[in-house]
Structures are given as structure tokens and as C-alpha cells.
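Derivation of every value follows stated rules applied to the coordinates shown; laboratory data play no part. Keep in mind that what you see is a predicted model, and the values were worked out from it rather than measured. No Cβ is skipped: glycine too gets one built from the backbone with ideal geometry, and neighbour counts run over all protein chains shown.
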Amino acid sequence: MEIYIHLFAVIPSIFLGAINLLLEKGTLLHKGIGKLWAVLMLVTAISSFFIMPTGALSWLHTFSIVVILCVPVGVVSIRKGNIRRHSACMLGAYIGTVISAYFAMTTPGRFLYGVLY
């Protein structure tokens with residue numbers, strides 16, 4: 001069940017993140033997608049700690065820790081007007097998610113690897 005919650009959050013977050021990176025910044029659409037993306041990213045990160053195919057945490061969980069730290073810092077940063085920190089945090093969280101998704105899909109023994117191959 002945990003893997004499905006994780007996938008339900010991560011798949012749209014990858015698409016929404018890409019869209020938001022392409023949108024004009026500061027618009028209502030950017031802000032709305034950003035809020036949804038932030039929630040989905042936190043659900044993705046937290047749910048990952050319940051997914052342990054080997055019975056223990058893996059190096060991929062490092063990305064979850066980064067997301068749990070970066071997303072709130074990014075939200076607080078934009079509220080304080082620190083666009084540079086906001087951009088860095090959100091871009092870092094997004095890139096980390098894409099990288100971890102790639103490895104989750106291409107590492108034998110992982111759920112997505114089994115589904116795809």
C-alpha cells in the first residue's frame with residue numbers, strides 16, 4: 001500500500017514540477033501549482049520511509065531527507081522574499097526527485113523496475 005501512496009504523489013509531482021519550472025514565476029498559476037507540488041513532494045518523501053524492499057533504508061532515502069528539508073525552507077524563503085533561496089531549494093528538491101525516480105526505475109529488485117522490465 002505504501003508504494004501506491006508514494007507513486008500517487010511522486011508521478012504528478014514530477015510533471016507539476018516540470019510545468020512550474022517552465023511557467024512565468026510569481027503568477028497565480030505558478031503559486032497554485034507550487035502549493036500542490038510542495039504537498040505532493042512532502043507526501044512522496046514521507047511515504048518513502050515506509051518503502052524498504054531490503055528491510056532497511058537505502059541511499060535513495062537521502063533524497064527524501066533533502067526534500068523534507070528543502071521544501072519547507074523554500075516555502076518560507078519565498079514568503080520572506082528570498083527568491084534566490086526559494087529557487088535553489090525547489091530546483092534542488094525537483095532534481096533530486098527526478099534522479100531518485102530514475103534509479104528507482106532502473107535498479108533491479110525495486111518495484112518500478114519489476115513493473116517496467
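Laid out as a table, the results:
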{"quantity": "Against the rule of thumb 2.2 N^0.38 Å, how large the Cα Rg of the stretch 1-80 comes out", "calculated": "1.17"}
{"quantity": "Estimated [θ] at 222 nm from DSSP helical runs (n ≥ 4, -39500 (n - 2.57)) normalised by residues in the chain, nearest 500", "calculated": "-26500 deg cm²/dmol"}
{"quantity": "FRET efficiency, 1/(1 + (r/R0)^6) with R0 25 Å, evaluated for Leu112 and Leu29 via beta carbons", "calculated": "0.25"}
{"quantity": "The stretch 2-116: relative contact order in percent, alpha carbon pairs under 8 Å with at least 6 residues between", "calculated": "22 percent"}
{"quantity": "Residues Glu2 and Arg85, FRET efficiency given R0 of 22 Å [Cβ-Cβ distance, rounded to 0.05]", "calculated": "0.10"}
